[in-house]
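Here is the structure we will look at, set down as structure tokens.
The values are calculated or read from the model by the stated rules, or taken from the named source; none is laboratory data. Since the model is a prediction, treat every value here as computed from it, not as a measurement. Here the Cβ is made from the backbone with ideal geometry for all residues, glycine too, and neighbour counts use every protein chain on show. Side chains are part of the model used for accessible areas, which takes the heavy atoms of the whole protein and leaves out ligands, DNA and RNA. Shrake-Rupley method; radii C 1.70, N 1.55, O 1.52, S 1.80 Å.
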Amino acid sequence: MAERVFAAKLQGVGFEDVWVGGHRPSGIDEASHYPLFTEEVIELMRRTLPRERHDHVATGVVVKARKPRTRGRTKRTT
Amino acid sequence: MAKDLMFQNEIKEAVRDAYAGISTGAGETVARWLYSDEELAEVPAGAVAWALGVGNPVRYALLQPGEDVLDVGSGGGIDSILAARRVGPQGSVIGLDILEEMCERGRRHATEAGVNGWTQFRRGEMEDIPLPDGSIDVVISNGVMNLSARKSRALAEIYRVLRPGGRVSMADLTVEGELPPEIANDQSAWAG
Ligand SMILES: C[S@@+](CC[C@H](N)C(=O)[O-])C[C@H]1O[C@@H](n2cnc3c(N)ncnc32)[C@H](O)[C@@H]1O
């Protein structure tokens, strides 16, 4: 999910004061430590992603937001 | 629509099966990138070994003593335990995870950490949180929101259980631009 999509989804359900920070690049070497990434998918990443993206495939972020103090609008989602 | 729901259920099952199948977390190397030495000293070694997150949502949550916290997708419990230390016994922490075995790990680690008196782990799904409206001050989550095929639904559930003025602090990975389709469609890449 892209950062702006994440923020928009939070606003979409009624959150306010959305803040995104703590940006941290995450690359293939880091991914290889996670047990969910099989050797095959790590290999696939190395093969299909351009070299300059290997150290920055995704970005770790922290997203903060607040529920309004007064009753905000809540969208029903399915 | 029915097809969408089937697809969403397939994704949920694939994610659940993927996490049910692992026998370890990302381990201490990754935990050292995400947490300070002081933070790691606050949690038992088992919780560090089982860390699977991608950031440090507790550090940004500015938790206060007495607050009620929900950790969505709590895994082995590292963030639940850090949160429990900050809110203290006047507060409470609920770790929610789709897998009972993760809840078991969380309970074991919370007991080792001595915070089990005000920390509990419940099996449940972020898209249907088994808590009443307006019962939580702060929701944290770490590496979990991306796993949902129904992200807006999960966020609406988080909104529902928060008290007015309640906060969220969520760590996750974002991707700008396209990934090659072989990677984007790979089940282990989605779950990881
Ligand atoms: C990447 S791990 C993160 C665990 C923990 N937050 C941490 O930082 O170590 C994702 C966790 O979310 C859980 N999970 C996956 N889908 C879920 C859902 N729909 N509802 C609740 N938990 C879910 C998994 O069982 C797993 O424990």
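A few comments on the model shown:
- Test: B:Thr174 is open to solvent by 10 Å² or more (accessible area, probe 1.4 Å) and away from the ligand (no atom under 11 Å from the Cβ): no
- Within the range A:51-58, not a single residue is surrounded by 19 or more Cβ atoms within 10 Å (Cβ to Cβ), at pLDDT 95 or above, at the interface with chain B (Cβ under 9 Å from one of its Cβ atoms) and in contact with a strand residue (DSSP E or B) (Cβ under 9 Å, 6 or more places away or on another chain).
- The residues of the range B:47-58 that are over 14 Å from B:Val115 (Cβ atoms) and either surrounded by fewer than 19 Cβ atoms within 10 Å (Cβ to Cβ) or of a type in the set (Gly, Ala, Ser) (or both), listed by number, are B:Ala49, B:Ala51, B:Gly53, B:Gly55.
- Within the range B:50-69, restricting attention to residues that are within 13 Å of chain A (Cβ to nearest Cβ) and among the aliphatic types (A, V, I, L, M), the residue that is farthest from the ligand (Cβ to nearest atom) is B:Leu62.
- Subset of the range A:31-47 [more than 7 Å from chain B (Cβ to nearest Cβ) and closer than 19 Å to B:Arg32 by Cβ]: A:Ser32
- Count - residues of the range B:2-49 that are assigned to a loop (DSSP other than H, G, I, E, B) and either within 9 Å of chain A (Cβ to nearest Cβ) or touching a His at 6+ places or on another chain (Cβ under 9 Å) (or both): 8
- Exclusive hit being in contact with an Asp or Glu (Cβ under 8 Å, 6 or more places away or on another chain), open to solvent by 20 Å² or more (accessible area, probe 1.4 Å) and under 21 Å from B:Ile81 (Cβ atoms), set B:Arg160, B:Arg123: B:Arg123
- Those residues of the range B:72-99 which are more than 14 Å from every other protein chain (Cβ to nearest Cβ) and of a type in the set (Asp, Glu), in sequence order: B:Asp97
- Flag if B:Ser135 is more than 10 Å from chain A (Cβ to nearest Cβ) and over 26 Å from B:Tyr35 (Cβ atoms): yes
- Being open to solvent by less than 40 Å² (accessible area, probe 1.4 Å) and within 24 Å of B:Arg32 (Cβ to Cβ) is a description that does not apply to B:Val87.
- Whichever residue in the range A:6-24 is assigned to a helix (DSSP H, G or I) and within 8 Å of chain B (Cβ to nearest Cβ) and, among such residues, is most open to solvent (accessible area, probe 1.4 Å): A:Lys9
- The set of residues in the range B:134-157 that are near the ligand (Cβ under 9 Å from one of its atoms) and open to solvent by 30 Å² or more (accessible area, probe 1.4 Å) comprises B:Asn146, B:Ala149, B:Arg150.
- Residue in the range B:98-110 that is open to solvent by 80 Å² or more (accessible area, probe 1.4 Å) and either among the hydrophobic types (A, V, I, L, M, F, W, C) or over 22 Å from B:Met145 (Cβ atoms) (or both) present: yes
- Some residue of the range B:164-177 being more than 10 Å from chain A (Cβ to nearest Cβ) and more than 19 Å from A:Gln11 (Cα to Cα): no
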